[in-house]
Amino acid sequence: MVKKNACVFISGQGTNLNALIKSTRDQNFPIKISLLICNNNSAKGLLYAKKNTIPYIIVNTNKRNFENLILKEIKKYKISLICLAGYMKIISKKFIKNFGKKIINIHPSLLPKFKGLNTFERVLKNSEKKTGCTVHYVSEKVDAGKIITQKSFFIQKNDNEKILKRKTQKLEYVAFSEAIRKIYRYN
Ligand code: GRF
C-alpha cells in the first residue's frame, strides 16, 4: 500500500505526535509523517522528530509571510494531509484555500461544546457529566469544522483539571489515528 504524505504541526509537548508516529509503524496505516512543522524552537515535541528522523522545520510565526513559507515546504514534500496536534496558532482562511487538501485538528472537548482554550477549567465550572476529545476538519471558523471522531468519558467527583487533561489525552492518542483510518477508509 502506498502511504500518503502527512505533515504534523505542533507547538509544545508533542505527545499526540508521538502517538501518531507509533501508529505509522503499522504498514497498513494510511499515512507516513513526512514533515513536522513547529513554531516553537524549545518545543519538547521536536525530540520525537529528531529521534525518528522526521524532517522538521521551525517556523517563526511572527514573520509576515510565514504561512507562505510553510506552503512552499509542504509542496516540496507532496503533503496531502495536515494534522494539527497542539499547534497554538490559528490557520488562516487563505492558507486553507491555498493548501486545498485535508487539514484536521484534535481538540480537548466534545465539540461543539467548549471551543477555544482552557477547556478543562470551563468543563468543570459548567458541571458537565461527560467530556472527551474531538478530531475534526479545519474550516475557517475555529474548532467548528466537520467532526470525524469523538471519544468521551464520565467525569468523576474528584476529577480536577490535571486529571481531566490526563484522561482526555489518553483518548486523544487513540482518536487521532482512528480518525485518519476513517478518512482513508481503512480499519
Ligand atoms: C492536546 O491535548 C490537544 O487536544 C490540544 O493540544 C494538546 C497538545 O498536546 N489541541 P501534545 O502537544 O500533543 O502533548
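A short reminder: the numbers here are calculations on the coordinates, not readings from a lab. Because the structure is a prediction, the values reported are computed rather than measured. Note that each Cβ is placed from the backbone with ideal geometry, even for glycine, and that neighbours are counted across all protein chains shown.
For segment 79-93, indicate whether the set of residues that are buried (at least 16 other Cβ atoms within 10 Å of the Cβ), hydroxyl-bearing (S, T, Y) and in contact with a helix residue (DSSP H, G or I) (Cβ under 9 Å, 6 or more places away or on another chain) is non-empty.
Among the residues of segment 79-93, not one is buried (at least 16 other Cβ atoms within 10 Å of the Cβ), hydroxyl-bearing (S, T, Y) and in contact with a helix residue (DSSP H, G or I) (Cβ under 9 Å, 6 or more places away or on another chain), which makes the answer no.
Across segment 22-44, which residue is surrounded by the most Cβ atoms within 10 Å (Cβ to Cβ) among those that are of a type in the set (S, T, Y) and away from the ligand (no atom under 14 Å from the Cβ)?
Among those residues, the one meeting the criterion is S34.
So L111 ticks every box in (1) touching a residue at least 40 places away in the same chain (Cβ under 8 Å); (2) buried (at least 20 other Cβ atoms within 10 Å of the Cβ); (3) within 18 Å of V142 (Cβ to Cβ); (4) not β-branched (V, I, T) but one. Which box is left unticked?
All conditions are met except number (1).
Quick one: in segment 89-142, which of the residues that are in a loop (DSSP other than H, G, I, E, B) and small (G, A, S) is farthest from the ligand (Cβ to nearest atom)?
G100
N158 passes all but one of (1) free of Cβ contacts under 8 Å to residues at least 60 places away in the same chain; (2) part of a loop (DSSP other than H, G, I, E, B); (3) surrounded by 17 or more Cβ atoms within 10 Å (Cβ to Cβ); which number fails?
(3)
Test each condition in (1) at positive phi; (2) assigned to a strand (DSSP E or B) for T53 and report the one that comes out false.
(2) is the only condition that T53 fails.
Take the conditions within 30 Å of I58 (Cα to Cα), surrounded by 13 or more Cβ atoms within 10 Å (Cβ to Cβ) and in contact with a Gly (Cβ under 9 Å, 6 or more places away or on another chain) and apply them to N98. Does it pass?
Criteria not met by N98.
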